[in-house]
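The structure appears below as structure tokens.
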Amino acid sequence: MSSAPPSPPATVSGASYAAAAVTMAHYKAADSKREQFRRYLEKSGVLDTLTKVLVALYEEPEKPNSALDFLKHHLGAATPENPEIELLRLELAEMKEKYEATVEENKKLKAKNGNIEVG
């Protein structure tokens, strides 16, 4: 058996090494941004919600014609209510009550003043 002599160790020129270092730094920065974004999605509950909806689609015995419509429907139902929307709903209900009370008061005042038009 004859064996070939070992090849000399590969050398990297200064320019190649610098380019490789820049490329590695770029990948690390991209990985860091990706990781930050993943943590953001995890913290905000997006990953958990998406996982639940996708599992529901997977477990659906009869797959819907449109998976996208299924996701839209279930994501809309699965997302928590925006607190600002709830505050606006409460404010709207209060305003409706005030309006009805004002209409009733107006009717009474018209009747008291002898105004026939109450209706």
Of the residues that sit in the stretch 60-74 and are open to solvent by 100 Å² or more (accessible area, probe 1.4 Å) and either under 18 Å from the mean Cα position of the chain (by Cα) or of a type in the set (Lys, Arg) (or both), which one is nearest to LEU50 (Cα to Cα)?
LYS72
Those residues that are exposed (fewer than 10 other Cβ atoms within 10 Å of the Cβ) and assigned to a helix (DSSP H, G or I), I need them from the stretch 104-113; list them, please.
LYS112
Residues in the stretch 83-91: is at least one surrounded by 10 or more Cβ atoms within 10 Å (Cβ to Cβ), modelled with pLDDT under 90 and among the β-branched types (Val, Ile, Thr)?
no
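The values are calculated or read from the model by the stated rules, or taken from the named source; none is laboratory data. Worth saying up front: this structure is predicted, and the values here are computed from it rather than measured. For neighbour counting, all protein chains shown are included, and Cβ atoms are generated from backbone atoms with ideal geometry for every residue, glycine included. Surface areas here come from the heavy atoms of the whole protein model, side chains and all, with no ligands, DNA or RNA. Shrake-Rupley method; radii C 1.70, N 1.55, O 1.52, S 1.80 Å.
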